[in-house]
Structures are given as structure tokens and as C-alpha cells.
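First comes the structure, then the notes that go with it.
The values are calculated or read from the model by the stated rules, or taken from the named source; none is laboratory data. Predicted model, so just to flag it, every value in this text is computed and none were measured.
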């Protein structure tokens, strides 16, 4: 997946404290949009599948979410509006 530029971006997140590019891999800025969902503050980012990933999705491949750490925060994965 490629990082997308989220509509109405409010800020860009940098790499987390303690991130080591040699050990953990590259970590680039992530544009996010801060918003409220019900009474909860949320951060939304956009991800664009590569052509190979898109073909795999069309063929029925699942989408995986990897969370770094040992506890799982509440998350929501959904499809945005088609461009244009």
C-alpha cells in the first residue's frame, strides 16, 4: 500500500519515539485528518493499493491490519469515496 494524501489533512505524523530505521524499516510522514466519531477523537489516514495489491483484492485476497505492540487499540478499516 502507498500512503495517500487524505482530504482535509490537519497534520502529518512523524516516526514514533524509539523508531530505528535499521531495525524497524523505513518510517515516513503520514498525513492524517483529525475528526470526531461520536464522542471520540479519531485520526484518519488514506492508503492507495498498488496495481498488484488491487489485483489481489479483486481476486479475493484479505486486507490485513498490523498493530505494533502488545495491546490492540480500537480501529476501523473502511473504503473511501472513489476519486473523481
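For the structure I just gave you, tell me whether residue 63 is at pLDDT 95 or above, within 13 Å of the chain's Cα centre (by Cα) and assigned to a strand (DSSP E or B). Considered against the rule, which asks whether it is at pLDDT 95 or above, within 13 Å of the chain's Cα centre (by Cα) and assigned to a strand (DSSP E or B), residue 63 comes out as no. Residues in segment 29-60 that are part of a strand (DSSP E or B) and closer than 20 Å to residue 3 by Cα: 12 in all.
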